[in-house]
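Asks: There's a structure below that I have some questions on.
The values are calculated or read from the model by the stated rules, or taken from the named source; none is laboratory data. The model shown is predicted, which means the values in this text are computed figures rather than measured ones. FYI the Cβ positions are ideal-geometry reconstructions off the backbone, even for glycines, and counts take in every protein chain you see. Remember, those area values only see protein heavy atoms, side chains included, never the ligands or the DNA or RNA. Shrake-Rupley method; radii C 1.70, N 1.55, O 1.52, S 1.80 Å.
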Amino acid sequence: MDLLNQLETILESDPLIDEVGLIHPSQFITLSKECSESSNSSSDGAFRPANTKFWNRDHKLGISTEILLPVCKAAKSAFMDAMKQYKTHGDLSVNKREDKNMVYGHSSSCQSFESEVMKHSRALLLLSCDLGTAWNARKLVVSKKQQLPMFTDELHLSALVLSYSHKSEQAWSHRRWVIKMICEKYSNLQQIIAKESELVEKIAERSKMNYRAWNHRCWLVSYMTREQMLYELKKSRDWAGLHVADNSCFHYRRRLMLGISENKQGDDPSYDVENYQVVKEELDLNEALIKRYIGREALWLHRRFLSLCLIRHLMTTTHGISCHSTSMDNEINIFLDKELRLLDSCSTIQDTEFEDFEGQAMYSTMYFLWLIKQIPEFRKIELQEKLKAGNLKNILHKTCPERSFLWDVLEL
């Protein structure tokens, strides 16, 4: 309980803590040396207990792994006791409303236990972040208050949890609940959404292929304006180019593009032109990445989505022109010719010792087989005349011989 009190005192004295880490006891020696070498080590007002169980400096909190279990047990016990008292006094204050003095007394004590619940649940969640009971208790208290500062505190707490447990489903879920509550009470969410997007990108840098983080970012799209979606698409472009193996990022970009295409006002043709440009630019980026990074399946999967978007767009309208127009035919011909050139450049296996070249040939061939199924029937005959079907089968046999029985019966 003394250690729990120390932890809660640190959290109260330094409300700007933005990162929590679990530290092995041996690392405290190194941290102590760094503190002693720093001239400002004792002038920043940070709380430092005499023992080596906690470390707090520059708004960073380190907790010794040696005390995790006993402090977690103490925090859970304190939390459960406070929650029991909070519920008991809450029921009494409801049942005895006739006596105003009694109501005031119960209200005052209820607020005291409410404060205890929030204090102990915070410490408990920093030690055991997947305890749903503690998260739900905080939801109960916050939903009764409906105050923006409390919502902000919940976002801060869940960010602390995510600073060391990047894939905590409970923490991500709690953030979504808080944002929904804010949305119901306050109309302007743009600043919060922007910060959420920055948080996900920061965590994605630390935790590669973090599905939960990117799923949270995809969920945010439904709260974005069209301008924000376009900004996010532009902003995440460089990140996607540096993380071509992370399909979660490309899934986020696909979600943004769908949101952009669905978010338009009336029949204004300028939106169709802008949507068309968005798809074209993404196709150009995708092609550049495919040629730069050999054999990345995520890029080819992303290209399927982009090609399907472009084909559907061209089959419905071409900048506001009827789908039977010559302009549409020209656009489709340009697109298919470009894809044929990409297939030709990617299906050549330049080095048999480098497996990525074989992967590139296989992914490009399978992409083109998929593409043939997406275009209209009258286009397939023309495309098959340009395409040598035997070459495709030979590539598939060479790059993926374990599926030869499938390639032999394949109809092109």
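Asks: From the set of residues in region 256-279 that are open to solvent by less than 60 Å² (accessible area, probe 1.4 Å) and part of a loop (DSSP other than H, G, I, E, B), which is nearest to Tyr231 (Cα to Cα)?
Replies: Asn263
Asks: Report whether or not Ile334 is aliphatic (A, V, I, L, M), in a helix (DSSP H, G or I) and at pLDDT below 90. Quick ask: steps written out before the conclusion?
Replies: Numbers: aliphatic (A, V, I, L, M): yes; in a helix (DSSP H, G or I): yes; at pLDDT below 90: yes.
Judged against the criteria, Ile334 is a match.
Asks: Same structure, new question: For region 15-33, how many residues meet the condition of being open to solvent by less than 20 Å² (accessible area, probe 1.4 Å), modelled with pLDDT of 90 or more and not β-branched (Val, Ile, Thr)?
Replies: 0
Asks: Which residue out of Arg138, Arg122, Arg176, Arg97 is at pLDDT 95 or above and farther than 24 Å from Lys73 by Cα? Give the steps one after another, and end with the answer.
Replies: Details: Arg138 fails: farther than 24 Å from Lys73 by Cα; Arg122 fails: farther than 24 Å from Lys73 by Cα; Arg97 fails: at pLDDT 95 or above.
Result of the check over Arg138, Arg122, Arg176, Arg97: Arg176.
Asks: If you don't mind, there's one more thing I want to ask. Can you give me the number of residues within region 162-205 that are under 27 Å from Phe250 (Cβ atoms) and not in a helix (DSSP H, G or I)?
Replies: Within region 162-205, residues that are under 27 Å from Phe250 (Cβ atoms) and not in a helix (DSSP H, G or I) number 5.
Asks: Please work out if Lys393 is in the same structural domain as Glu287 (by the TED database), open to solvent by 50 Å² or more (accessible area, probe 1.4 Å) and either touching a Cys at 6+ places or on another chain (Cβ under 8 Å) or modelled with pLDDT of 75 or more (or both).
Replies: Values: in the same structural domain as Glu287 (by the TED database): yes; open to solvent by 50 Å² or more (accessible area, probe 1.4 Å): yes; either touching a Cys at 6+ places or on another chain (Cβ under 8 Å) or modelled with pLDDT of 75 or more (or both): no.
Judged against the criteria, Lys393 is not a match.
Asks: Still on this structure, please answer the following. Looking at (1) in the same structural domain as His156 (by the TED database); (2) of a type outside the set (Gly, Ala, Ser); (3) more than 12 Å from the chain's Cα centre (by Cα), which one does Met257 not meet, given that it meets all the others?
Replies: Every condition holds for Met257 apart from (1).
Asks: Restricting to region 169-203, name every residue that is open to solvent by less than 30 Å² (accessible area, probe 1.4 Å) and free of Cβ contacts under 8 Å to residues at least 40 places away in the same chain.
Replies: His174, Val178, Met181, Ile182, Leu189, Ile193, Glu196, Ser197, Val200
Asks: Would you confirm whether any residue within region 128-149 is acidic (Asp, Glu), assigned to a helix (DSSP H, G or I) and surrounded by fewer than 21 Cβ atoms within 10 Å (Cβ to Cβ)?
Replies: Scanning region 128-149 turns up no residue that is acidic (Asp, Glu), assigned to a helix (DSSP H, G or I) and surrounded by fewer than 21 Cβ atoms within 10 Å (Cβ to Cβ).
Asks: Residues to consider are Lys234, Lys208; find the one that is open to solvent by 60 Å² or more (accessible area, probe 1.4 Å) and touching a residue at least 12 places away in the same chain (Cβ under 8 Å).
Replies: Values: Lys234 fails: touching a residue at least 12 places away in the same chain (Cβ under 8 Å).
Matching residue, one of Lys234, Lys208: Lys208.
Asks: Would you confirm, using the coordinates I've provided, whether Arg312 is at pLDDT 85 or above and either closer than 21 Å to Trp214 by Cβ or outside any helix (DSSP H, G or I) (or both)? Lay out the reasoning, then the answer.
Replies: Details: at pLDDT 85 or above: yes; either closer than 21 Å to Trp214 by Cβ or outside any helix (DSSP H, G or I) (or both): no.
For Arg312, the condition - at pLDDT 85 or above and either closer than 21 Å to Trp214 by Cβ or outside any helix (DSSP H, G or I) (or both) - is not met.
Asks: I've got another one for you. Name the single residue that is modelled with the lowest pLDDT among those in region 34-76 being more than 36 Å from the chain's Cα centre (by Cα) and in a helix (DSSP H, G or I).
Replies: Glu37
Asks: Could you list, in sequence order, the residues of region 155-168 that are surrounded by 21 or more Cβ atoms within 10 Å (Cβ to Cβ) and either over 18 Å from Glu19 (Cα atoms) or of a type outside the set (A, V, I, L, M) (or both)?
Replies: Hits for region 155-168 are Ser158, Ser163.
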